[in-house]
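Student: For reference, the structure I am asking about is given below.
The values are calculated or read from the model by the stated rules, or taken from the named source; none is laboratory data. None of these values were measured; they are calculated from a predicted model. Positions of Cβ are generated from backbone atoms using ideal geometry, with glycine treated the same way; all protein chains shown enter the neighbour counts. SASA here: full protein model, heavy atoms, side chains in, ligands and nucleic acids out. Shrake-Rupley method; radii C 1.70, N 1.55, O 1.52, S 1.80 Å.
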Amino acid sequence: MSSSRDSVRDSIVSSRSTSSRFSSLLSPALPSSRSSTFPIPLPSPTLPPLPSNQKRIVAIYERPLAKSRGSEVALGAWAFLFSEIVQYTQKKVSGIGEFEKRLNILGYRVGVRLLELLPLRDYLYPVSSLRSPPPPSRTLRLLPLLSYVHSTLYRYLFNRTADSLEKSTENEDEYMIGDDDMVVTRGIEVPKEMSELSCGALVAGIVEAVMDGAGFPSKVTAHSVPTPTHPRRTVILIKLDPEVLARETAMGK
Amino acid sequence: MSYYLVLVGTLDNPLYEAHLTSTKSAPAPANPASTSPTTSFSIFGSPAPGGAAGAAGKSTVGYGSKNGPNGRHVMQLVAHASLDVVEDVMWSNGGMYLKNVDKFQEWTVSAWLTPGGMKILLLHELKNDDGIRLFFQEVWESYVKTLLNPFHELNAPIRSPTFDARVKASAKKFL
């Protein structure tokens, strides 16, 4: 049992960059000194020797954060990467729960960085140059945050808003964001015996990081609920921690 | 004047600390005839001329001065003690820049809350709202660039010398 925990830990440490959309922001990867089963091709041009490492590190801090023109990547490349991630994870886990947990962790790491990056970009590079930019602000209440996830975040990730935002009628602390056709899972077919698995757990991880970072800790999971019109519909279920509810009622509805 | 900057992570752990000095000179210190104990000494402990030294006596002498008996860890203590106040204020104030959240002796604490839940605290004596706000923004920007490194573990201490150099350069520019 402890060995699987260790392997989860190793996977966190050595996980690859999760989404090719963000790969342009990351520093060019130095060839890993850890042993790997296949040779990692060096990025071209080949990296100069060590003393100029310092120069490269400085260059990372100097790099502007604006969205550069060539930073979007083809969906096919993402689908390939994601399918490799899923296959790799499948070999290492012993059940659906752990599978979803790993994908969740990968998404979490993306979400933390996104949460900080998007407001920073809005602030540094305001869309309309006519007015002075509004001072940066944080979301304090739950509903504005949920609609931020539903529209702004989704629009940044997938170029469209999510399809629905609902509050669960049974439990006070559950909210659902529905997506009729989740882009990341388009290439993944789940066999019948694993039908509870949803690879949308990656997106659930991103949402969980956003909720946690903003001060609304919650458990976020993804479930696939195929409907006749949208056979690949996925619902992201957000279950808030009780302290969030307490604070919301204290702050007054 | 000197400043103390600390980046505090979500587990209330300090990720980065810096003692900064500013090239701008302080406004003239309170005249020696003043009887209020807190202003009779400038932070670096150079005694005001005259007998005010003896009159004030007490522990304002070496507070936070780098060479004083209490020294730097007092600044760290004060900054972290103000975290409670910051957490109180953060739910009523929607902006990121919180100025003057706490005051202790001659220092004020200002904070910048990043959208990701990180707190950047600055201990300062002088009132310099705009400069401090711009400084905070630059530190935030450098922090986000550090975060974007996929090998950077979240809530890990930041040890990069480049980050250090950038923070010090921003301090020189704005403080």
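Student: Among the listed residues A:ILE188, A:ILE177, A:ILE238, A:ILE206, which satisfies the condition of being modelled with pLDDT under 85 and of a type in the set (A, V, I, L, M, F, W, C)? Before the answer, list the steps.
Tutor: Details: A:ILE177 fails: modelled with pLDDT under 85; A:ILE238 fails: modelled with pLDDT under 85; A:ILE206 fails: modelled with pLDDT under 85.
The conditions single out A:ILE188.
Student: Right, another one. Please work out if B:TRP107 is within 11 Å of chain A (Cβ to nearest Cβ) and either closer than 29 Å to A:VAL149 by Cα or open to solvent by less than 30 Å² (accessible area, probe 1.4 Å) (or both). Before you say what the answer is, go through the steps one by one.
Tutor: Values: within 11 Å of chain A (Cβ to nearest Cβ): no; either closer than 29 Å to A:VAL149 by Cα or open to solvent by less than 30 Å² (accessible area, probe 1.4 Å) (or both): yes.
Judged against the criteria, B:TRP107 is not a match.
Student: Let me ask something else. Check whether at least one residue in the stretch B:151-161 is crowded, with 20+ Cβ neighbours inside 10 Å and among the β-branched types (Val, Ile, Thr), and report yes or no. If you could, list the steps in order and put the result at the bottom.
Tutor: Pass one, the stretch B:151-161, residues crowded, with 20+ Cβ neighbours inside 10 Å: none.
Looking through the stretch B:151-161, none of the residues is crowded, with 20+ Cβ neighbours inside 10 Å and among the β-branched types (Val, Ile, Thr).
Student: Now for a separate question. Can you tell which of A:GLU166, A:GLU196, A:GLU170 is outside any loop (DSSP other than H, G, I, E, B) and more than 14 Å from the chain's Cα centre (by Cα)?
Tutor: Working: A:GLU196 fails: outside any loop (DSSP other than H, G, I, E, B); A:GLU170 fails: outside any loop (DSSP other than H, G, I, E, B).
Exactly one of A:GLU166, A:GLU196, A:GLU170 is outside any loop (DSSP other than H, G, I, E, B) and more than 14 Å from the chain's Cα centre (by Cα), namely A:GLU166.
Student: Mind telling me which of the residues A:GLU166, A:GLU208 ends up being within 24 Å of A:LEU75 (Cα to Cα), of a type in the set (Asp, Glu) and touching a residue at least 12 places away in the same chain (Cβ under 8 Å)? Show your work before the answer.
Tutor: Values: A:GLU166 fails: within 24 Å of A:LEU75 (Cα to Cα).
So the residue among A:GLU166, A:GLU208 that is within 24 Å of A:LEU75 (Cα to Cα), of a type in the set (Asp, Glu) and touching a residue at least 12 places away in the same chain (Cβ under 8 Å) is A:GLU208.
Student: For the stretch A:122-133, does any single residue satisfy the condition of being within 14 Å of another protein chain (Cβ to nearest Cβ) and of a type in the set (Asp, Glu)?
Tutor: There is at least one residue in the stretch A:122-133 that is within 14 Å of another protein chain (Cβ to nearest Cβ) and of a type in the set (Asp, Glu).
Student: I'm trying to understand the selection: among the residues of the stretch A:88-101, which are open to solvent by 90 Å² or more (accessible area, probe 1.4 Å) and over 17 Å from the mean Cα position of the chain (by Cα)?
Tutor: Listed by number, the residues that qualify are A:TYR88, A:GLN90, A:LYS91, A:LYS92, A:SER94.
Student: Going by the structure shown, is B:LYS127 in contact (Cβ under 8 Å) with a residue 40 or more places away in the chain and surrounded by fewer than 18 Cβ atoms within 10 Å (Cβ to Cβ)? It would help to see each step written out before you state the result.
Tutor: Details: in contact (Cβ under 8 Å) with a residue 40 or more places away in the chain: no; surrounded by fewer than 18 Cβ atoms within 10 Å (Cβ to Cβ): yes.
No.
Student: Here is a check on your reading of the model: is A:ARG160 open to solvent by less than 60 Å² (accessible area, probe 1.4 Å) and of a type in the set (Lys, Arg)?
Tutor: Values: open to solvent by less than 60 Å² (accessible area, probe 1.4 Å): no; of a type in the set (Lys, Arg): yes.
Criteria not met by A:ARG160.
Student: Please tell me if B:TRP140 is among the aromatic types (Phe, Trp, Tyr), within 12 Å of chain A (Cβ to nearest Cβ), at negative phi and part of a strand (DSSP E or B). Write out each step before concluding.
Tutor: Working: among the aromatic types (Phe, Trp, Tyr): yes; within 12 Å of chain A (Cβ to nearest Cβ): yes; at negative phi: yes; part of a strand (DSSP E or B): no.
For B:TRP140, the condition - among the aromatic types (Phe, Trp, Tyr), within 12 Å of chain A (Cβ to nearest Cβ), at negative phi and part of a strand (DSSP E or B) - is not met.
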